[in-house]
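To keep things clear, I will list the structure first and then write my remarks on it.
The values are calculated or read from the model by the stated rules, or taken from the named source; none is laboratory data. Predicted model only: the values in this text are computed from it and were never measured. All Cβ positions, even for glycine, are placed from backbone atoms using ideal geometry, and neighbour counts span all protein chains on display. These accessible areas exclude ligands, DNA and RNA; they are computed on the full protein's heavy atoms, side chains included. Shrake-Rupley method; radii C 1.70, N 1.55, O 1.52, S 1.80 Å.
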Amino acid sequence: MISTTLPDLEVALGRKGTPGTAHVVSCERVGEGIYDCRAWFVFDDPARDPITVATVPEAEAGEVFPAALTPEGDRVVPTGARSVVGAVGLLALVPFSLSFIPAILTFSLALERAFFPSLIVGGVVAAVSLVVCIVCVILGSAVL
């Protein structure tokens, strides 16, 4: 989860990639819930010619947004708050997925006194992480 989200977060923050503006040309449904979106990417550097490249599936045809070409050069990712918030929301799933490991370990080691506190803490961490994930994904899908 971290290895797939961090590269997009670095591009969204402007640490990696080539900046420019994406003009979404088309979004075609290629399967159930699967979309292939293409964008006309105009580089900020006027010496480079614009290209047509893949973009995020949640884009809509006709949409224009600041973006960056990934270092691989295979797609453009929105930059700014919209993309950062979405990436942070996905990263919030990491503590969610790890939250009950201490409770599982205390249960398997028969540490009865530590089991219930670790279960409660795990539940709180999971709940907070899930709320952060849902809020960030909703905000990330909205136009910010």
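Okay, here's what the table says:
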quantity	calculated
For the range 57-122: accessible area per residue (Å², 1.4 Å)	59 Å²
On Cα atoms only, tilt of 112-141 relative to the major axis of the chain in degrees	20 degrees
Rounded percent of accessible protein surface that carbon and sulfur make up, the chain, 1.4 Å probe	67 percent
Residue-averaged [θ]222 nm for the chain, counting only DSSP H segments that reach four residues, each worth -39500 (n - 2.57)	-14500 deg cm²/dmol
Peptides ranked, highest mean first, by Cβ atoms within 10 Å: ranges 62-70, 101-109	62-70, 101-109
Only Lys, Arg (+1) and Asp, Glu (-1) charged, at Cβ; the chain dipole about Cα centre in debye	440 debye
For SER26, residues with placed amide H under 5 Å, excluding near neighbours	ARG38
From the coordinates shown, P(r) over Cα pairs in 5 Å bins from 0, in percent corresponds to which of (i) 2, 7, 8, 9, 9, 8, 7, 6, 6, 6, 6, 5, 5, 5, 4, 3, 2, 1, 0, 0; (ii) 2, 10, 19, 23, 22, 14, 7, 3, 1, 0; (iii) 2, 10, 15, 17, 15, 11, 8, 6, 6, 5, 3, 2, 1, 0	(iii)
Radius, Kirkwood style, for the range 82-144 when every pair of distinct Cα atoms is counted (Å)	12.5 Å
